[in-house]
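The values are calculated or read from the model by the stated rules, or taken from the named source; none is laboratory data. Note that the structure is a prediction, hence the values are computed from the model and not measured. FYI the Cβ positions are ideal-geometry reconstructions off the backbone, even for glycines, and counts take in every protein chain you see. Only protein heavy atoms, including side chains, enter the accessible area calculation; ligands, DNA and RNA are left aside. Shrake-Rupley method; radii C 1.70, N 1.55, O 1.52, S 1.80 Å.
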Amino acid sequence: MHTKDDTIKSIVIKNVCTYFNAIFLILAILLIITGNFRNLTFLPVIIANVCIGIFQQIRSKKVLDELNLLADTRYTILRNQEKLELTASEMQKEDVIMLEGGLQIPADAKIIEGKISVNESMLTGESDEIEKNPGDTLMSGSFVVNGSCTARLSAVGEDSYIQKLNAKAKQIKEHPSEMMQDINFIIKFTGIAIIPIGSLLMYQAIKHNGLTFRAAVESMVGAVIGMIPEGMYLLATVALALSAMRLAMNKVLLHDMRSVETLARVDVLCVDKTGTLTTNEMHVSEVVRPAQTEEAAGDKPEEPGDTYTKLLGSYVHTIGDNNITAKALQEYFTVKEQMEVVSSQPFSSKTKYSEITTEDATYRLGAPEFVLAEEELEQNRSVLEEKSQAGFRIMAFARKDSEHFVPLLFVVLSNTLRANVNETIDYLEEQGVRIMVISGDNPKTVSEIAAMAGIDNADRYIDASTLQTEEDYKEAVTKYTVFGRVQPEQKKSLVNALQAGKQRVAMTGDGVNDI
């Protein structure tokens, strides 16, 4: 394994000082001593092979050195009653940090005073906002969405969560590919075998054939060089290097050129949903009237100029949320007239809704099951289930009427599939690669998205929160294609279960937890 701490000198030494090169060095020295310079034609092949390996590893080192998951920002810190402006690298444990909306949390901390909403999508891959109150833990690498607080740092520098992940991300494990392992075995076997064979050839040439030492060396080298497949080694190295270059032209970065062959041998590819199958953006697909208003309004969908749509437009531009759902709503509903607010509550992942109270009424926008009473949910169950089963996300906009909230509109939102996702999935499955989807979202919703992407057996899904033991994971990976409600630590358990079944596993995602 090598990391960003490797120096260029150590990379050169590791590529030059190999058993493979030592054999050719000894042969080259014997030829030079005897003046047989014209027989040194094998040297360019060896030098080219070494140079390619050095170039690839130095390039990899440069990329790793530039990898940083924490922004270089200055923060207001209280230390010994003194206010300081420091970067993350200058902070100390027990410092008190002041955080507000828009800042990345630079170290692990615990809130002392105040209340904030944080986005941990960089760590978990999911974009839900999480409300944090005094006593709650803040994870380094997450972002403050809104609110402000003071917090005491509990782990800084290399001890913080984000820097531990950073260190893992910068490691390259030295696992030779199967092809290179086979070639290395052949070279080592012949490298050992040519020592007694070469000695015997020298003895025979001098004692029995009466050749001079110079002629004997020339004869022996000519014989043993043919036994060492240096051309095959170089050909494999050049093929991998050219493949790495071709992938780089398509914006694919490899830690090591041997990754090309490793990728070609993958049996199972685990993919995240948001940011991998879909883009990180959402858009409004349609606006639907609740069942209570359909008879009066007719069956036509709500139009952007209608009363409730204008009211919802004012709501989303007043509440001030800035998550991806809020941005999609703000883009769709163009009425920006502000409400006269008496009190408001931004969206919270704990309550699953936001709320605005005016002098005339109280309005809520959020997940239907958290906003509406059971009676209203039952009246609208058919449309809610239809949209949910089709992979859409539904938001209910409701107004308080006596003791409960009455729905005014349902907003149907969806993630957009990546432009080339269907073609990519088709290609991988044609190559015999099994696709598994691992996501923190509702398993039914993830299943529908997977089906839209063209993934085989997308209807086989499970809620990962039901998996408890190692045996549960081993059984689940043989039966299911889609895993929903997956916690970050469960991703490793799923991969381990696949590997226990002798599967070669790859994973791709946009969250740091996917590392």
*Lys and Arg at +1, Asp and Glu at -1: add these up for the other residues within a Cβ distance under 12 Å of Val342 and post the number.*
-4
*From Cα coordinates alone, what are the radius of gyration and Dmax values for the range 405-515 in angstrom?*
15.3, 54
_Just to check I understand the Karplus step: with θ = phi - 60° and J = 6.51 cos²θ - 1.76 cosθ + 1.60, what whole-Hz values come out for the range 211-219, glycine and proline as x?_
7, 6, 4, 4, 5, 5, 4, 4, 5
*Could you compute the FRET efficiency for Lys188 and Asp426, with r as their C-beta to C-beta distance and R0 at 41 Å, rounded to 0.05?*
0.50
*asked:* Tell me the carbon and sulfur percent of the accessible area for the chain, rounded to whole percent, probe radius 1.4 Å.
replied: 53
*Taking amide H positions as placed in the peptide plane 1.01 Å from N, state which residues far from Met507 in sequence (5 or more) or on other chains have amide H under 5 Å from it.*
Cys270
*Full extension from Ile195 to Glu378: what is 0.36 nm times the residue separation minus their Cα-Cα distance, to one decimal in nm?*
57.5 nm
_Distant-in-sequence amide H partners of Lys115 (H built 1.01 Å from N, under 5 Å)_ = Ser148
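With +1 on each Lys and Arg Cβ and -1 on each Asp and Glu Cβ, and nothing else charged, work out how big the dipole of the chain is about its Cα centre, in Debye to the nearest 20.
On the way: 51 positive and 70 negative charges, 704 e Å.
Computed about the Cα centre, the dipole is about 3380 debye.
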*asked:* Greater than 32 Å separation of Cα atoms is the criterion. Which listed pairs, Lys62/Lys479; Lys110/Lys474; Lys62/Lys502; Lys132/Lys164, meet it?
replied: Lys62/Lys479; Lys110/Lys474; Lys62/Lys502
*asked:* How much accessible area per residue does the chain have, counting only protein heavy atoms and a probe of 1.4 Å, in square angstrom?
replied: 52
*Can you pull the accessible area of Ser354 for me, 1.4 Å probe, Å² to the nearest 10?*
0
_Check which residues have an amide H placed less than 5 Å from Thr87's amide H, if you skip close sequence neighbours._
Tyr75
*To the nearest 500 deg cm²/dmol, what mean residue ellipticity at 222 nm is calculated for the chain from DSSP H runs of n ≥ 4 alone, each contributing -39,500 (n - 2.57), summed and divided by the residues?*
-13000 deg cm²/dmol
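Among the listed pairs Lys14/Lys251; Lys93/Lys115; Lys310/Lys352, give every one whose C-alpha distance is greater than 25 Å.
Working: Lys14/Lys251 28 Å; Lys93/Lys115 21 Å; Lys310/Lys352 23 Å.
Lys14/Lys251, as the Cα separations exceed 25 Å there.
Placing +1 at every Lys and Arg Cβ and -1 at every Asp and Glu Cβ, with all other atoms neutral, what dipole size does the range 395-500 have around its Cα centre, in debye to the nearest 20?
280
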*In sequence order, calculated HN-Hα J values of the range 269-278 (Karplus, 6.51, -1.76, 1.60; Hz; x Gly/Pro)*: 10, 8, 10, 7, 8, 5, x, 10, 6, 10
*Which of Thr150, Pro229, Gln503 sits closest to the plus end of the dipole of the chain, meaning its Cα is farthest towards the positive end, when Lys and Arg get +1 and Asp and Glu get -1 on the C-beta?*
Pro229
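Could the peptides 443-455, 104-116 be put in order, highest first, of the mean number of other beta-carbon atoms found within 10 Å of their residues?
Details: 443-455: 22.3, 104-116: 20.5.
In decreasing order of mean packing, 443-455, 104-116 become 443-455, 104-116.
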_Using alpha-carbon coordinates, inclination of helix 19-33 to the longest axis of the chain, degrees_ = 30
_From the phi angles alone, apply the Karplus equation (6.51, -1.76, 1.60; θ = phi - 60°) to the range 380-388 and give each ³J(HN,Hα) in whole Hz, x where the residue is Gly or Pro._
10, 4, 4, 6, 5, 5, 4, 6, 5
*Please sort 431-441, 392-402 by packing, taking for each peptide the average over its residues of neighbouring beta carbons within 10 angstrom, highest first.*
431-441, 392-402
*asked:* With angles folded into 0 to 90 degrees, how steeply does helix 421-430 sit against the dominant principal axis of the chain? Use alpha carbons for both and round to 10.
replied: 40
